[in-house]
Amino acid sequence: MVNAGKIGAIFASMLFAALAMSARADVIMDWNARADVITAEKRMPPPVQARTLALMHVSMFEAINAIERRYQPYRLALVVDRNSSREAAAASAAHTVLTVLFADQRTALDAHLAGDLAAIAQGPARERGLLVGRKAAVDLLELHADDGKGVDDYRPFTQAGMYVPTQPVHGYLVGAFKPWVMSSAAQFRPSPPPALTSEAWTRDVNEIREYGASKSATRSEDQTTAGRFWFLTGARTYNPIVRQVVIARKMNLLDCARVYALASMAAADAFVAVFEAKYHYNFWRPVTAIRNADLSQNPATPSDPTWQPLGDTPMHPEYPCAHCISASAVAATLHAIAGDEVGEISLTSTTAPGVTRRWTRVSDYADEVSNARIWAGFHYRFSAEAGKDMGRKIGELTVTTQLRPRK
């Protein structure tokens with residue numbers, strides 16, 4: 001029989017291993033949180049924020065995976081001794097990406113890296129980890145060096161002498177970013193929005209007229225709360241979801257890095273796809289359509305010259321819904337890896353202080369985002385559904401083609 005002392009020693013060993021695994025995975029989540037703070041403070045638009053996170057998380061995955069070699073790499077052919085520090089590799093990759101993109105943050109980023117390295121024994125293993133992390137970051141940055149370098153030549157549709165808003169539009173150049181997974185930015189471009197005399201248009205514009213108005217008598221209190229909650233956009237709306245799924249599934253360092261890399265690539269490609277489609281169709285927002293409904297020659301959609309949405313309409317074309325596609329892409333990624341039922345996940349929002357939204361399925365989270373854009377007065381239902389469909393396809397493509405287990 002095994003005596004009590006040996007049982008205690010075995011239990012202590014297992015506990016130590018579990019704690020070590022958790023601590024290692026924390027390296028990924030800690031750098032994610034650091035990047036989140038920086039991009040939020042700089043008020044980066046969601047597509048640029050998503051690009052930043054994809055660069056960082058794919059670099060971290062490539063560096064760790066070059067040591068463990070359990071998955072196919074993304075694009076890099078890194079070679080490193082297996083007896084290298086995975087934690088140093090992850091921290092070095094994240095540090096390199098962020099210091100290149102945010103040189104003004106170097107002092108704080110150096111201190112964060114030093115804190116990580118203090119917990120890793122000095123020696124060749126740590127040095128090799130640092131080197132492979134830097135290499136992964138530099139190579140990934142080179143692959144996406146041309147993102148955003150185009151010329152903003154967007155021209156509003158108008159007639160000579162007519163006023164158009166003069167505030168710059170958002171996201172015009174995003175459709176030209178290099179996709180991470182898609183074969184082209186237009187790979188999942190949806191069919192055109194419905195004709196202004198169609199049944200679908202009539203139904204959906206009248207729905208948002210009722211539910212999305214600033215002083216709607218139809219929208220419930222909870223729908224109003226959700227509409228305001230999801231004024232929050234970008235990575236802060238999905239990073240906490242990824243983190244909770246990682247923790248719930250007790251993922252180790254490499255698997256944690258892989259999930260963040262896959263979700264970040266899916267989100268980044270979602271923004272590339274949606275902004276390509278938005279500026280391809282250049283479809284009008286509800287606030288414009290409802291105020292000018294008399295121009296549509298549809299007697300079933302009367303104009304309301306004073307109509308206002310619940311929130312401030314974003315400064316880019318309506319179709320399809322960007323918030324819907326990013327949420328759906330991340331949800332599809334997590335669903336494929338961890339399943340739909342993930343236990344309770346929750347989120348808070350700076351645009352609805354004191355409110356916490358909770359779900360038990362990642363699909364419910366994505367569905368709420370889509371509904372909330374209708375309740376906010378920003379998107380028609382057909383646009384939300386098109387965005388969700390695009391996001392699901394991008395998430396599924398990401399998981400089925402990238403970072404696959406080695407055979």
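Is the shape of segment 328-407 best called rounded, prolate or oblate, per the rule: a/c under 1.5 gives rounded, else a/b larger than b/c gives prolate, else oblate, with a ≥ b ≥ c the square roots of the Cα gyration tensor eigenvalues?
Details: a/c = 2.77, a/b = 1.44, b/c = 1.92.
Oblate.
Give, as a single signed number, the net charge of other residues whose beta carbon lies under 15 Å from the beta carbon of L262, with Lys and Arg counted +1 and Asp and Glu -1. Result for the local shell: +4.
Over segment 305-404, average the accessible area per residue using a 1.4 Å probe and give it in Å², no decimals.
Details: 3420 Å² over 100 residues.
Here the residues of segment 305-404 average 34 Å² of exposed surface.
Placing +1 on each Lys and Arg Cβ and -1 on each Asp and Glu Cβ, with no other charges, gives segment 237-288 a dipole about its Cα centre of roughly 200 debye.
Classify segment 89-146 from the C-alpha gyration tensor, please: rounded if a/c falls under 1.5, else prolate or oblate depending on whether a/b exceeds b/c. Oblate shape, in that a/c is at least 1.5 and b/c is the bigger or equal ratio. Modelled spin-label separation between D304 and A118, with each label point placed 7 Å from Cα along the Cα-to-Cβ direction: 5.8 nm.
Counting protein heavy atoms only, segment 138-225 has 53 percent of its accessible area on carbon and sulfur, 1.4 angstrom probe.
With respect to the chain, whose longest principal axis is taken over its alpha-carbon atoms, helix 381-401 is tilted by about 20°. For volume of the Cα convex hull per residue in Å³, the value computed from the atomic coordinates appears in the list (1) 172; (2) 211; (3) 126 under label (1). The alpha-carbon of K407 sits under 19 angstrom from the alpha-carbons of these aspartates and glutamates, leaving out residues fewer than 8 places away in its chain: E62, E68, D255. Loop-located trypsin sites (Lys or Arg not before Pro) in segment 101-168 (DSSP state other than H, G, I, E, B) with a sparse environment of at most 11 neighbouring Cβ atoms within 10 Å: K149. Looking at the chain, which longest stretch skips every one of the chymotrypsin sites (Phe, Trp or Tyr not before Pro) that is in a DSSP loop with at most 14 other Cβ atoms within 10 Å, leaving the sites themselves out? Counting at most 14 other Cβ atoms within 10 Å as exposed, the longest clean stretch of the chain is 164-407.
Counted residue by residue at 0.36 nm each, then reduced by the alpha carbon distance between them, the extension gain from L196 to T218 reaches 5.5 nm.
Taken along the Cα-to-beta-carbon direction at a fixed 7 Å, the label points for E207 and L143 span 3.8 nm.
Please give the length that would be gained between V37 and Q72 if that part of the chain were fully extended, namely 0.36 nm times their separation in residues minus their C-alpha to C-alpha distance (nm, one decimal).
Full extension of this stretch gives 9.5 nm more.
Cysteine residues of the chain whose C-beta has no other cysteine C-beta under 4.7 angstrom: C256.
With the largest listed first and rounded to whole Å, the semi-axes of the equivalent ellipsoid of segment 95-221 from the Cα gyration tensor are 47, 22, 18.
The convex hull around the C-alpha trace of segment 240-377, projected and averaged over every direction, spans 10.0 square nanometres. Bridging of K178 to lysines at a Cα separation below 28 Å is possible for K42, K135, K149, K278, K388, K393, once same-chain residues fewer than 8 apart are set aside.
Farthest towards the positive end of the charge dipole of segment 105-150, among the residues A121, L109, L141, is the Cα of A121, using unit charges on the Cβ of Lys, Arg, Asp and Glu. For segment 149-200 and segment 328-407, write down the distance between their C-alpha centroids in whole Å. Rounded to whole Å, the Cα centres lie 23 Å apart.
The values are calculated or read from the model by the stated rules, or taken from the named source; none is laboratory data. Bear in mind that the values here come from a model prediction, so they are computed numbers and not experimental data. As a convention, Cβ positions derive from the backbone with ideal geometry for all residues, glycine included, and neighbour counts pool all protein chains shown. Note: accessible area is taken over every heavy atom of the protein model, side chains too, but ligands, DNA and RNA are not part of it. Shrake-Rupley method; radii C 1.70, N 1.55, O 1.52, S 1.80 Å.
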